[in-house]
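The structure under discussion appears below in the form of structure tokens.
The values are calculated or read from the model by the stated rules, or taken from the named source; none is laboratory data. Quantities reported herein were computed from a predicted structural model and do not represent experimental measurements. Virtual Cβ from ideal backbone geometry, glycine too; neighbours counted across all protein chains shown.
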Amino acid sequence: MDNSNATNTLKPADIFSFDFVKNVLRGSGQVMFQNNIWTGLFFIVGIFVGAYMSNQPLVAYGAIVSVIVSTATGYFLPLSKDDGNSGLWGFNGILVGCAFFTFIGNTPFTWTALILCAMLTTWVRTAFNNVLAPYNVNSLTFPFVFMTWIFLFSAREMHNLPGDYLSKPSLIVNLGPFHEMGALEFVKHIFQGVSQVFLINNWITGVLFVIGLLISNKWAGIWALIGSTISLSLAIMFETAETSINDGLYGFSATLTGIAIGMTFFQPNWRSAIWAVLAVVTTVFIQAAMNAFLLPYGIPSLTAPFCIATWLFWLPQFNFDKPSTATKTN
């Protein structure tokens, strides 16, 4: 029997170590490409603050259960322990937990589906990464998007998986009256855009997220703010649906794209900065297009616009002066 692979994997018994807790925290941080336990802790605190302030505590508890489940799943599979120790088994899972109780009602069947979905993201990520490996890119948060879409569509058919909070299917985009906003309100919406990465609509949560990013890498915090600011400005300029603007729904994918292209996959410099700004702008239009495309189904786009835009700007494999020295990410 060949045990060469066993030395490079984590064992189920390792779940009961403190390292498992650290890997769970890293999984939270890796949603925004940060392999840092303190960043992950700030993210989790931000989720709880925003969830409780919005009277949606189940979102926070769903996030905790899902990141634990998805991380633990990696310990039972023959996957690289380097990925596990970098938190790469948990970042899709924590997003699943946030999404489920944002859109689906609370039943025992919802929790069952949440656990299954979180588990699936760990090996679906491996499958997608294998498919994308020849192109030298990875799946980003698309395992979360793909698996959550499946369960949200299932909620339209399964009565014990109630899609209580999904949008009502419609063929018409209801833009609503557009109102100007003051400078303070504009700043709050910037932080709301960052908070919506975890489906939390709360500017205080966004501030906690940015602090967590700055603790890990100043460029991560800077690009999160740049991405959210550009997306908010464009959403206002082109007069998108006001409810989407007010809820920060144009900010989260742009935030992730800014971090991905601005400092994760390219070395930060003025050339890559221009490239990143173009990627963020493109993300906004992809977001609007996907929102309209999915409107007849009442299904949210989640972070799919971020994935598509980042792939489009990452696939050319341009070298802006020198390769990135960023830490290992998703």
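Things worth noting here:
- Selection from region 73-113 of residues that are assigned to a helix (DSSP H, G or I), within 17 Å of ILE37 (Cα to Cα) and of a type in the set (Gly, Ala, Ser): GLY84, GLY93
Quick grid of which residues meet (1) farther than 25 Å from GLY258 by Cα; (2) free of Cβ contacts under 8 Å to residues at least 24 places away in the same chain; (3) not β-branched (Val, Ile, Thr):
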position: PRO12; (1), (2), (3): yes, no, yes
position: PHE16; (1), (2), (3): yes, yes, yes
position: PHE43; (1), (2), (3): no, no, yes
position: TYR52; (1), (2), (3): yes, yes, yes
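- Residue in region 127-142 that is touching a residue at least 12 places away in the same chain (Cβ under 8 Å), within 20 Å of GLY50 (Cβ to Cβ) and out of contact with any strand residue (DSSP E or B) (no Cβ under 7 Å at 6 or more places or on another chain) present: yes
- The single residue among PHE91, PHE101 that is closer than 28 Å to ALA235 by Cβ, in contact (Cβ under 8 Å) with a residue 60 or more places away in the chain, crowded, with 20+ Cβ neighbours inside 10 Å and touching a Gly at 6+ places or on another chain (Cβ under 6 Å) turns out to be PHE91.
- Yes/no for MET147 being within 17 Å of ILE299 (Cβ to Cβ) and buried (at least 19 other Cβ atoms within 10 Å of the Cβ): yes
- Inside region 130-149, residues that are within 20 Å of PRO305 (Cβ to Cβ), part of a helix (DSSP H, G or I) and of a type in the set (S, T, N, Q) make up a count of 1.
- Within region 306-327, residues that are at pLDDT 90 or above and among the hydrophobic types (A, V, I, L, M, F, W, C) have Cβ atoms under 7 Å from residues that are surrounded by fewer than 17 Cβ atoms within 10 Å (Cβ to Cβ) and outside any helix (DSSP H, G or I) in these pairs: TRP311/VAL137; TRP314/VAL137; LEU315/VAL137, counting only partners at least 6 apart in sequence or on another chain.
- Residue within region 107-123 that is of a type in the set (Ser, Thr, Tyr), farther than 19 Å from LEU166 by Cβ and at pLDDT below 95 present: no
- Inter-residue pairs, beta-carbon under 7 Å, first under 16 Å from ASN291 (Cα atoms) and in region 230-246, second outside any helix (DSSP H, G or I) and modelled with pLDDT of 90 or more, 6+ apart: SER231/TYR250; SER231/GLY251; LEU232/TYR250; LEU232/GLY251; ALA235/TYR250; THR240/TYR250; SER244/TYR250
- Meets criteria (in a helix (DSSP H, G or I), under 15 Å from the mean Cα position of the chain (by Cα), of a type in the set (Val, Ile, Thr) and more than 29 Å from PRO162 (Cα to Cα)) for THR39: yes
- Test result for LEU152, out of contact with any Asp or Glu (no Cβ under 8 Å at 6 or more places or on another chain), assigned to a helix (DSSP H, G or I) and touching a residue at least 60 places away in the same chain (Cβ under 8 Å): yes
- Subset of region 173-200 (residues that are out of contact with any His (no Cβ under 9 Å at 6 or more places or on another chain), surrounded by fewer than 20 Cβ atoms within 10 Å (Cβ to Cβ) and touching a residue at least 40 places away in the same chain (Cβ under 8 Å)): VAL173, ASN174, LEU175, GLY176, PRO177, PHE178, HIS179, PHE186
- The residues listed here are TRP223, TRP219; of these, the one that is in contact (Cβ under 8 Å) with a residue 40 or more places away in the chain, surrounded by 22 or more Cβ atoms within 10 Å (Cβ to Cβ), out of contact with any Asp or Glu (no Cβ under 8 Å at 6 or more places or on another chain) and over 30 Å from ARG156 (Cα atoms) is TRP223.
- Among residues of region 208-230, those that are part of a helix (DSSP H, G or I) and either under 15 Å from ILE261 (Cα atoms) or of a type in the set (D, E, K, R) (or both), counted: 12
- Answer from GLY74, GLY40, GLY87 - the residue that is at positive phi, touching a helix residue (DSSP H, G or I) at 6+ places or on another chain (Cβ under 7 Å) and of a type outside the set (Ser, Thr, Tyr): GLY87
- Condition check for PRO57: surrounded by fewer than 16 Cβ atoms within 10 Å (Cβ to Cβ) and within 26 Å of PHE128 (Cβ to Cβ): no
- Cross-chain or 6+ apart pairs with Cβ under 6 Å, region 255-272 first and free of Cβ contacts under 8 Å to residues at least 60 places away in the same chain, then assigned to a loop (DSSP other than H, G, I, E, B) and crowded, with 24+ Cβ neighbours inside 10 Å: SER272/PHE266
- Failed condition for LYS81, given (1) at pLDDT below 95; (2) closer than 27 Å to ILE204 by Cβ: (2)
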